[in-house]
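The values are calculated or read from the model by the stated rules, or taken from the named source; none is laboratory data. The structure presented is a predicted model; accordingly, all values stated were derived computationally and were not measured. Only protein heavy atoms, including side chains, enter the accessible area calculation; ligands, DNA and RNA are left aside. Shrake-Rupley method; radii C 1.70, N 1.55, O 1.52, S 1.80 Å.
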Amino acid sequence: SQAQSFLKEFFEVFGDTLEAAKKLVEESNYDGRPLTMVARPSGGYDRAATMLQNYFAEVGINTEIKILDSANFSAALTNGEFDIAVTGWTLNTNDAAETFTMFGTKTAGQPGTGNRNYYSNAELDAYIEAATHAMDPAERLDQYTKAQQLLIDEVVGVDLYLATQFVAYNSKLND
């Protein structure tokens, strides 16, 4: 099925203007210290970091960009040495379980896992656990839907874009 955007809901809650963003920063407990933003020098991540730095500056958030090679970038993510990470992720399977490994408490900070933001929420963990053990597809969908809504409500991450991939093939070719 087609991916559904949470942005309409996001903007209804947080606003879609520069003034609304500035107000959110003013109301937060942000103390003005520069936030460390890590990115890789390839794949456009460095350019995205610069773009984000400019946007953050407009609302009063100071950032320091660190462009890291792959090994140091992975180490920074695993060790939690960042405030903001500009990175990408590709779903390798068609199973929602893979997506939620990025947010489960059990995988927080574990090398090779997706939960590199150290997010932890017992309610989310319960949804993931229930979905993992659900044999009924409708129950599994219900648990993952609740988990997804929780992630939206808590704004755990913000996807900048969703790339569309195309695969070409020729049915006349054999292995």
Measure out, as a whole number of angstrom, how far apart the alpha-carbon centroids of region 43-69 and region 80-147 sit. 26
Percent carbon-and-sulfur accessible area, region 19-175, ignoring ligands, DNA and RNA, probe 1.4 Å: 52
Is the C-alpha gyration tensor of region 85-149 telling us rounded, prolate or oblate? Criteria: a/c under 1.5 is rounded; beyond that, a/b larger than b/c is prolate, otherwise oblate. prolate
